[in-house]
Amino acid sequence: MQKFISVILLMCYLHVASAQVHVNNPVDPGDTELTSAIAFVSAYFSDFSPAKKFLPDFSRYWSAEDCGTYRIPDHMVYALSTSVPTYMLGEANILMAKPEQNYIHIKTMFSRVDSAGRVIVSCITNHYITRDASGAMRFIDPMKINSADWRTTSVRNIIYHYPAYHHFDKKKANTLATSIAQLENDWHLQPIGINYYFADTKEEIEHYRGFDFTIAMGNRNKPTGMSDGIDNIIYCGGLGENYLHEVVHIYLNRLFPQSPLIEGLAVFYGGSLGHELAWHVKRVAQYLNAHPEINLNNPDDFYYLDNYTNPLSTIQGLLCYISFTKGGIDGLKRTMSYTSLDELFAKDYKVQKGDWDRFLRKLINDAAQ
């Protein structure tokens, strides 16, 4: 599903290389505070572009405190895609701007029109703008506004943030802490301080982050999450205090930035969408046996099965599992050091590109037994 969404988002990015800002609902030009806020947020959106290496100078828009705490103080920037900023995934259409308490609230839709004339909406965002002591406009993190009544609990190197209705499950948190300690020991890593935000559902956590809608919303509820390896933040819904998959991304992604198996490594350790790797392998095996037309000589094309299993990350996870069972952590390190599947299959399995389909189908069927 994540790969499927990524393809759609990539299409949005290719269609709109940088955000163009429109105002859907006219604002009284005499209301200088609202017009100034619209100009401020419009300048911010326009500051995201390939010509400027995607990211703007955040100190022009965010407080010194936020910029000092985070490398990227805007936590919506990579909420939809880990490679393309949210504000470049469609044209920006400001839906409304209005004063609320001590700030201006601006709601914006990012969308594109496809070749058939259909509107494809990437997301609807909420931004909050105030003035600092000097009178300069600055953004307020939506989480500060939306999660004012949240609770915070620290366990080992994790700072948990969660809604007031939630009864903190110390047992789950301790289970995650034990898994992290083992991960650090196996890979000879130091603890990483992580801020871990969670709620019951993906839609809920996205709302707290500042979204009314994202293209990944909908379908039946299932555990989902996203990690921010730049500022060591995890956002997840559905697994409470023990979302090991995203923790693995925080710890190990930075070790193997060129590996084609990054997602698979997290699936190997922490499962996917609420189920362990073995569960997904069986489903992929069943699906492939029913669909002989699928060509695994190009496994990247097999990125969608249904709402519950990502076949591509399952195959990647299985390759990590096989490397671990054969060579332990050293075997995993070797596998993750390859920068392409061509290299991995040729060196570890002596299989050339044209034989991948046969090889992978047998690998998956054997593992599913």
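Show me the GluC sites (Glu not before Pro) within segment 242-295 that DSSP assigns to loop and that have at most 14 other Cβ atoms within 10 Å of their Cβ. Before the final figure, lay out each step's value.
Working: sites: Glu246, Glu263, Glu276, Glu293; in loops: Glu276, Glu293.
For GluC sites (Glu not before Pro) across segment 242-295 that sit outside H, G, I, E and B with at most 14 neighbouring Cβ atoms in 10 Å, the list reads Glu276, Glu293.
Angle of helix 356-368 to the longest C-alpha principal axis of the chain, folded into 0 to 90 degrees and rounded to 10: 80°.
Normalised by residue count, segment 35-149 yields a Cα convex hull volume of 129 Å³ per residue.
Treating only the Cβ of Lys, Arg, Asp and Glu as charged (+1, +1, -1, -1), what charge dipole size does the chain show about its Cα centre? Round to the nearest 20 debye. Please report the intermediate quantities before stating the final value.
Details: 33 positive and 39 negative charges, 159 e Å.
It works out to roughly 760 debye.
In the chain, the longest principal axis of the Cα atoms and the axis of helix 32-46 are about 30 degrees apart.
When only alpha carbons are used to place a centre, segment 291-362 and segment 211-277 end up 19 Å from one another. In degrees, nearest 10, range 0 to 90: what is the angle between the Cα axis of helix 170-187 and the longest Cα principal axis of the chain? The angle comes out near 60 degrees. Looking at segment 118-257, the pairs of alpha carbons with a distance over 19 Å make up 57% of the total. Eigenvalues of the alpha-carbon gyration tensor of segment 248-369, scaled by 5 and square-rooted, set the equivalent ellipsoid semi-axes at 21, 18, 13 angstrom, largest first. Farthest towards the positive end of the charge dipole of segment 245-300, among the residues Gln258, Gly270, Leu296, is the Cα of Gly270, using unit charges on the Cβ of Lys, Arg, Asp and Glu.
Among the trypsin sites (Lys or Arg not before Pro) within segment 81-135, which fall in a DSSP loop and have no more than 16 other Cβ atoms within 10 Å of their own Cβ? Write out the running numbers ahead of the final one.
Details: sites: Lys107, Arg112, Arg118, Arg131; in loops: Arg118.
For trypsin sites (Lys or Arg not before Pro) across segment 81-135 that sit outside H, G, I, E and B with at most 16 neighbouring Cβ atoms in 10 Å, the list reads Arg118.
So what is the calculated 222 nm ellipticity per residue for the chain, using -39500 (n - 2.57) for each DSSP H run with n of 4 or more, over all residues, to the nearest 500 deg cm²/dmol? Intermediate results must be reported in sequence, preceding the final value.
Values: 12 runs with 142 residues, N = 369.
Taking each H run of at least 4 residues, the total per residue is -12000 deg cm²/dmol.
Considering only DSSP states other than H, G, I, E and B, which trypsin sites (Lys or Arg not before Pro) in segment 266-369 qualify as loop sites with at most 12 other Cβ atoms within 10 Å?
Values: sites: Lys282, Arg283, Lys326, Lys333, Arg334, Lys347, Lys350, Lys353, Arg358, Arg361, Lys362; in loops: Lys350.
Within segment 266-369, the qualifying trypsin sites (Lys or Arg not before Pro) (loop, at most 12 other Cβ atoms within 10 Å) are Lys350.
Taking every DSSP bridge with both residues inside segment 134-218, close to 55 percent are antiparallel.
For the chain, taking the reciprocal of the average inverse distance between every pair of different Cα atoms yields a Kirkwood hydrodynamic radius of 22.3 Å. Electrostatic bookkeeping for Pro163 treats Lys and Arg as +1 and Asp and Glu as -1; over the other residues with beta carbon under 9 Å from its beta carbon, the sum is -2.
According to the calculation over all Cα-Cα pairs in segment 209-315, the P(r) per 5 Å bin from zero is 2, 11, 19, 22, 20, 15, 7, 3, 1 %. For His22, the residues 5 or more places off, or on other chains, whose built amide H falls under 5 Å of its own are Ala92, Asn93, Ile94.
Rounded to the nearest 10 square angstrom, Val84 shows an accessible area of 20 square angstrom against a 1.4 Å probe. For the pair segment 155-206 and segment 50-108, the centres of their Cα atoms are 26 angstrom apart.
The values are calculated or read from the model by the stated rules, or taken from the named source; none is laboratory data. Just so it is clear, the model here is predicted, and its values are computed rather than measured. Every residue, glycine among them, receives a Cβ derived from its backbone with ideal geometry; neighbour counts consider all protein chains shown. Side chains included, ligands, DNA and RNA excluded: accessible areas come from the protein's heavy atoms. Shrake-Rupley method; radii C 1.70, N 1.55, O 1.52, S 1.80 Å.
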